[in-house]
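Report on one structure; see the data block that follows.
The values are calculated or read from the model by the stated rules, or taken from the named source; none is laboratory data. Here the structure is a predicted model, which is why all the values come from computation and not from measurement. In this analysis, Cβ positions are derived from the backbone assuming ideal geometry, glycine residues included, and neighbour counts consider all displayed protein chains.
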Amino acid sequence: MSLIIASIRSFLVSYLIKPFLFSSIIIINLVTAAYSQDSDFSFWLNELSKEAVSEGVSEETVSIALNNIEPIDRILELDRNQPEFKLDFWDYVNRVVSQDRIDQGRLRMMENKTLLEDIYSRYGIAPHILVAAWGIESNYGITQGSNSVIGSLVTLAYDPRRSRFFRTELINSLRIIDEGHISLESMKGSWAGAMGQVQFMPSTFISYAKDGDGDGKKDIWSNKVDALESAANFMSSQGWDRGIIWGRQVILPPEFDKNLIGLDITKTVEEWGSLGILTIDKRELSKSDIKGSVISPGEQNDPHFLVYDNYRDIMRWNRSHFFAISLGHLSDRIIGLPELVK
């Protein structure tokens, strides 16, 4: 009889009690992990707050901006998930330099003629270049991003992969609010923290944003005067030369040495011409001593361009050949130059 009772007791422990205990342990572990993550983030946020205050941001701004804030899962998804379909050069250019964007650029040139000429006289950035940058970055102020810049940057700064970079951007974004240029609620931008009509990161804003209309605020979100002057200030500060163009599409001879393609190789226009390079309409290059480089966006059948120092300045805005060529090409199309030859 005692043997039967012992067997029953063993059955109960094995099949009823143990699973319950195991489930309880899982629940406890999950709760503990969640608490640990919350605790880690709270500690991190507290240290971040101290650092921001130590760098001159007021305690009030830090407290209000970071109150009840949490990492945003959607921002991490956008940062980590690369699209399966990648645009090739021609798809990218056709999307970015659309006929509507060209038409709108010409309209913005006329609407803002006085402003653009004034900026050109002070910064040396031609109106069609500035308008093209405006058009590509935010579709002339229409598409600026709707994400909370603080929320995005908190999320990306807490993520360990690029924490240092985004931590600096986060503190600079707090400084921008603290200086009164924009309210916390109005500081919207891309998921990565790029802001306003010219999509400046906070550190770029701190270094180059301008109060174009003298109202005491550097408002690149709703004030096109501030936005355009800020963009011109950035480009001018990179060494923009008003005397040369950004570049041009060219034709390479069949025997051209492909090892000469790249921004690290520079020659005068005359030297490139002596190697058989022609303009896109098959004319010889000029005998100019302006230095340039031959580049291609990447794929074997992509077009080739002879680009000058101003192209390098565009690349400091966005280190993408697709972006830089598209900005240059849009600026050309706005003033009536022909489309690229495929």
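Okay, here's what the table says:
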| quantity | calculated |
| --- | --- |
| Number of the exception - Ile182 against (1) of a type in the set (Val, Ile, Thr); (2) more than 16 Å from the chain's Cα centre (by Cα); (3) under 30 Å from Ile102 (Cα atoms) | (3) |
| Residue match in the range 97-111 (condition: within 15 Å of Lys224 (Cα to Cα), at pLDDT 95 or above and touching a strand residue (DSSP E or B) at 6+ places or on another chain (Cβ under 9 Å)) | no |
| Breaking point among (1) over 22 Å from Pro202 (Cα atoms); (2) surrounded by fewer than 21 Cβ atoms within 10 Å (Cβ to Cβ); (3) in contact (Cβ under 8 Å) with a residue 24 or more places away in the chain, for Gly141 | (1) |
| Residue match in the range 86-108 (condition: within 20 Å of the chain's Cα centre (by Cα), in a helix (DSSP H, G or I), of a type in the set (D, E, K, R) and over 30 Å from Ser173 (Cβ atoms)) | yes |
| Selection within the range 59-78 - over 25 Å from the mean Cα position of the chain (by Cα) and more than 18 Å from Ser42 (Cβ to Cβ) | Glu60, Thr61 |
| Test for Leu87: is it modelled with pLDDT of 50 or more, surrounded by 10 or more Cβ atoms within 10 Å (Cβ to Cβ) and over 30 Å from Asp302 (Cβ atoms) | no |
| Enumeration of residues in the range 312-338 that are in contact (Cβ under 8 Å) with a residue 60 or more places away in the chain, surrounded by fewer than 18 Cβ atoms within 10 Å (Cβ to Cβ) and under 12 Å from Arg248 (Cα atoms) | none |
| Any pair with Cβ under 7 angstrom, 6 or more apart, that starts in the range 160-188 at a residue that is more than 14 Å from Pro202 (Cα to Cα) and ends at one that is among the small types (Gly, Ala, Ser) | Ser163/Ala157 |
| Residues that are polar (S, T, N, Q) and either within 34 Å of the chain's Cα centre (by Cα) or under 14 Å from His304 (Cβ atoms) (or both), drawn from the range 264-280 | Thr266, Thr268, Thr279 |
| Test: Asp309 is surrounded by fewer than 12 Cβ atoms within 10 Å (Cβ to Cβ), more than 20 Å from Val341 (Cα to Cα) and among the acidic types (Asp, Glu) | no |
| Residue ranges of helices (runs of 4 or more DSSP H) in the range 112-167 with at least 2 members farther than 20 Å from Arg80 by Cβ | 113-123, 127-138 |
| Sole residue being over 25 Å from the mean Cα position of the chain (by Cα) and among the hydrophobic types (A, V, I, L, M, F, W, C), chosen from Ile334, Ile261, Ile314, Ile245 | Ile261 |
| Subset of the range 120-133 (residues that are surrounded by fewer than 24 Cβ atoms within 10 Å (Cβ to Cβ) and hydrophobic (A, V, I, L, M, F, W, C)) | Ala126 |
| Filter pass, Ile69 being of a type in the set (A, V, I, L, M), under 23 Å from Ile171 (Cα atoms) and either buried (at least 17 other Cβ atoms within 10 Å of the Cβ) or touching a residue at least 24 places away in the same chain (Cβ under 8 Å) (or both) | yes |
